[in-house]
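The block underneath contains the structure these notes are about, expressed in structure tokens.
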Amino acid sequence: MISSCTGAVITSLFMTPFDVVKVRLQAQQRAELSRTCFLYCNGLMDHLCKCAPTICTSHPEQNPWYNRPVPVQLNGTVDAFVKISRQEGIQSLWSGLSPTLIVAVPNTIIYFATYEQLRTVLHRHLPTILGGDTTPSSIVSGLAGGLARVWAVTVVSPFELVRTKMQASNISYREMSKVLKSQVTNNGFVSLWRGWVPTVLRDVPFSVVYWLTYEQQKILMNQQQQPSFQFTFYAGAVSGGIAGTLTLPLDVIKTHRQIALDSGSGSKSGSTYELLQHIYRRQGVRGLFSGVVPRLAKVMPACAIMISSYEYAKKFFRQRLHQKQEQ
């Protein structure tokens, strides 16, 4: 738990600006049809904010950072970094980091702790269930990663929804209980898991591909027992790049859905397959992979930092326990 917590904090501090830029590009694409709201992501969580009906151009510093006059066009990753920093201040690239960590750290702890437990259980029982002597560890890891992500998303989803509404309505943490009660009263208890399906559709395939690829690299490079820091850093980046690229269309759909929710048209957005078809017809393959460069620029080093710090911390505690046992 401490190992995964350390990785989550370090990853968020370094990778937040890349995810902000990624979703800015995706939001710009979606804004061609509707300019009623704005979504940004900072690392591990998503934030939804209402756009101001009017923007004060004479005193732009008085506007919240997400309501300040934005550049006419963001032309790629580097251009977005430069324009956002100049227009809104470089600190805007880390906006919302504190509330993100409040949910990100428990989410990561739940995810990695569940993954380790499930992988151990599946290694022990899956061969018996399938009627074989052994089951490839890469397949076991992929399955454990997918199931762990389902559980983590299910546990954290209500907190993300409440936090999103708090930010959209400018409500303090002390009023969180009122927001939660109002949400349940008006829309029912199940409404706390709104957005669960698109989140699972995006995150579960990513987890399956990531852990399957990562474990396969450990087998090929004979690093299964105590992988080195250099290997975990490289393998994490490669696995994250492959998983991030393959699941990017689902990430674009999740962005579009969350934007539509705040504009009041969430019920009319259609299924995931219909949205994929709609984007493909209007913008082709390029639309489905909008923001691929900043996503990979964030995902690859983020996965490298997360898994390497996680494995290093586990190795540290394992060696410490071994030394105590010897003493």
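The values are calculated or read from the model by the stated rules, or taken from the named source; none is laboratory data. None of the values given here were measured: they were computed from a predicted structure. So basically every Cβ, Gly included, is an ideal-geometry build from the backbone, and we count neighbours across all protein chains shown. For accessibility, only protein heavy atoms count, side chains too; no ligands or nucleic acids. Shrake-Rupley method; radii C 1.70, N 1.55, O 1.52, S 1.80 Å.
Tabulated data for the structure shown
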item	result
Rounded percent of accessible protein surface that carbon and sulfur make up, segment 187-260, 1.4 Å probe	67 percent
Highest to lowest packing among 213-220, 73-80, scored as the average C-beta count within 10 Å	213-220, 73-80
Alpha-carbon centroid distance for the pair segment 225-244 / segment 301-326, whole angstrom	14 Å
Peptides ranked, highest mean first, by Cβ atoms within 10 Å: ranges 109-115, 227-233	109-115, 227-233
Difference of contour (0.36 nm per residue) and Cα-Cα distance, residue 191 to residue 224	7.6 nm
